[in-house]
Amino acid sequence: MDSNLTLAIHGTRGGTRRLNVAVIGGSLTGPVAALLLLRAGFDVTVYEATPASTPLGGGLIGLEHTALDVLDRLGIGRHEFIAYESETILQVAVRDRRPAQTVHHTYPGRNTTWTLLHQALTARIPAGVLHTGTRVTGLSTHSGRPVLRFADGDTEPADLVVFADGRSSIGRRLLDPDRKLRYAGYVAHRGIAASVPRPDLRDFVRMQPCPGAQFTIAPVPGGCDWTFYLGCTADEYQRHFGASPTRRLLALPRHISPAARTHVDGHADHLLPPDHAAIVRATTTRMAVPVLDIDPPTRMVWPVGDGHAVLLGDALAPVRPHTARGANNGIEQAAGLAVALTQHRRYAADLPTALHGWQRRHLPTAVAAVREGPVIGDKLGLGAR
Ligand SMILES: Cc1cc2nc3c(=O)[nH]c(=O)nc-3n(C[C@H](O)[C@H](O)[C@H](O)COP(=O)(O)OP(=O)(O)OC[C@H]3O[C@@H](n4cnc5c(N)ncnc54)[C@H](O)[C@@H]3O)c2cc1C
């Protein structure tokens, strides 16, 4: 550790303060936070558990205008992460496997995919900042300073630890251990198909065949991305994906059993229009995400010795996918954090007060999204309230 840094943080008020920030998680929220904090002049290191992050998925993600503006301000060209500029959501009621009624909605944003956005973000992280294959396992203090512990036994100090490590967050387990994930009783089966049901597919289409099932589909480069929400007991999940829903939070293509495939294909044949069922059947690359609930967060900031740790994104509050708020919340929280820390760095704003101001602004939105998920699920007949 460089001794100037200690002086800068613990020295007299005023002047430039240079915090050393550790960001845990290199998916979406973590890289956005890291890029914004690097721009603001902080020393940033990102630790990502997976050796290479691409296998995590490619799923469609709707981003609202505030999040899009954050990406704009990072200088990320829209063409890098938005393949289709449609703002239209087609809400289709399906009866007897035929579209019965279609309602048009306008989405206040655009659709991206995890893969496109993740690539656009990580390509901008300077060499040496992102450490992949580095799993954080603990947080303690040494001489008042927060110290991260890693799976290989290494340790690293930091003044501020930003946990953006997703639904299974070690940060949440350490800082807020009473908030445990609960399985909501249904699964988002996902597929990336190499073809489309109609060549003119440009919009996000949401199909409601009956209570207890929802199907969404949208174009992505090279084909389409679909999600099929279906009820599933915890035992079925274990049989289909090889582990319980609160342990296997993302079933990757290698975890999808033949029984899981048959289950999804059968429901597609039974409920969806034949052209959409054919797309599902033809999809080889599949994943599954158990839908989970959690108690709403009551805080985002914790003192750790003389430093701090914060939770943001899915680490703070995993929300049901129907809310379309998970990535939006993470990006908005990261932008707000950069604003608060910049006030501290440039104008010597009191750090705990700046962090609590950030929490006051962003906590209500996270709480609202956590609460909204079961309400939407209930309307769709998915999951128990
Ligand atoms: C079907 C579906 C549809 C969705 N649609 C939308 C949508 O339309 N709009 C929207 O805003 N959101 C949507 N979401 C939610 C969105 O995908 C997530 O909220 C978002 O990916 C969360 O990003 P994150 O970076 O906070 O967490 P994650 O993407 O979960 O990333 C966490 C990262 O931390 C790493 N990590 C974990 N533990 C450790 C550790 N101990 N040490 C180091 N690294 C670690 C992980 O490997 C991972 O890379 C959807 C989700 C699903 C499943």
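The values are calculated or read from the model by the stated rules, or taken from the named source; none is laboratory data. Please read these numbers as outputs of a predicted model, since none were measured by experiment. All Cβ positions, even for glycine, are placed from backbone atoms using ideal geometry, and neighbour counts span all protein chains on display. Ligands, DNA and RNA are stripped out before the accessible areas are found, and what is left, the full protein with its side chains, is counted by its heavy atoms. Shrake-Rupley method; radii C 1.70, N 1.55, O 1.52, S 1.80 Å.
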* To do: From largest accessible area down, sort SER195, SER169, SER143, SER86; use a 1.4 Å probe on the protein chains.
  => SER143, SER195, SER86, SER169
* Structure fact -> Computed for region 167-276: size of charge dipole around the Cα centre, +1 on C-beta of each Lys and Arg, -1 on C-beta of each Asp and Glu, debye to nearest 20, value 600 debye
* **Whole-Hz couplings from phi, Karplus 6.51/-1.76/1.60, listed for region 124-136; x for Gly and Pro** => 9, 7, x, 3, x, 8, 8, 10, 7, x, 10, 9, 7
* Pull out a ≥ b ≥ c, the square roots of the eigenvalues of the alpha-carbon gyration tensor of region 255-298, then state rounded if a/c is under 1.5, prolate if not and a/b is larger than b/c, and oblate in the remaining case. => prolate
* Amide H contacts under 5 Å for THR285, placed H, 5+ residues apart -> ILE192
* Under a point-charge model restricted to the Cβ atoms of Lys and Arg (+1) and Asp and Glu (-1), what is the dipole moment magnitude of the chain relative to its Cα centre, in debye to the nearest 20? -> 360 debye
* Which is farthest toward the positive dipole end of region 277-370 among TRP302, ASN329, PRO364, measuring Cα position about the Cα centre, with Cβ charges +1 (Lys, Arg) and -1 (Asp, Glu)? -> ASN329
* Asked: Check GLY26: other-chain or 5+ apart residues with amide H under 5 Å from its amide H, H built from backbone geometry?
  -> ALA49
* Which FRET efficiency, nearest 0.05, do SER195 and ASP350 yield, Cβ-Cβ r, R0 56 Å? -> 0.45
* Structure fact -> Extension length gain for ASP152 and HIS105 (0.36 nm per residue less Cα distance), in nm, is 11.9 nm
* Structure fact -> Residue-ordered couplings for region 227-240, obtained by feeding phi - 60° into the Karplus form 6.51 cos²θ - 1.76 cosθ + 1.60 and rounding to whole Hz (Gly and Pro as x), are 9, 10, 8, 9, x, 6, 6, 4, 5, 4, 4, 4, 5, 6
* To do: Would you grab the residues whose amide H sits under 5 Å from the one on VAL94? Only those 5+ places off in sequence or on another chain, please, with H modelled 1.01 Å from N.
  => ALA100, GLN208
* To do: Would you compute, from DSSP H runs of 4+ residues alone, the mean residue ellipticity of the chain at 222 nm, taking -39500 (n - 2.57) per run and dividing by the full residue count, rounded to the nearest 500?
  => -10500 deg cm²/dmol
* Asked: Which whole-Hz couplings ³J(HN,Hα) result when phi for each residue of region 332-341 is put into the Karplus expression 6.51 cos²θ - 1.76 cosθ + 1.60, θ = phi - 60°, listed in order with x for Gly and Pro?
  -> 5, 5, 5, 5, x, 5, 4, 4, 4, 6
* Asked: Relative contact order for the chain using alpha-carbon pairs under 8 Å, separation at least 6, rounded to a whole percent?
  -> 21 percent
* Asked: Within the chain, what percent of beta bridges assigned by DSSP are antiparallel, to the nearest 5?
  -> 75 percent
* For LYS180, solvent-accessible area (1.4 Å; no DNA, RNA or ligand), Å² -> 130 Å²
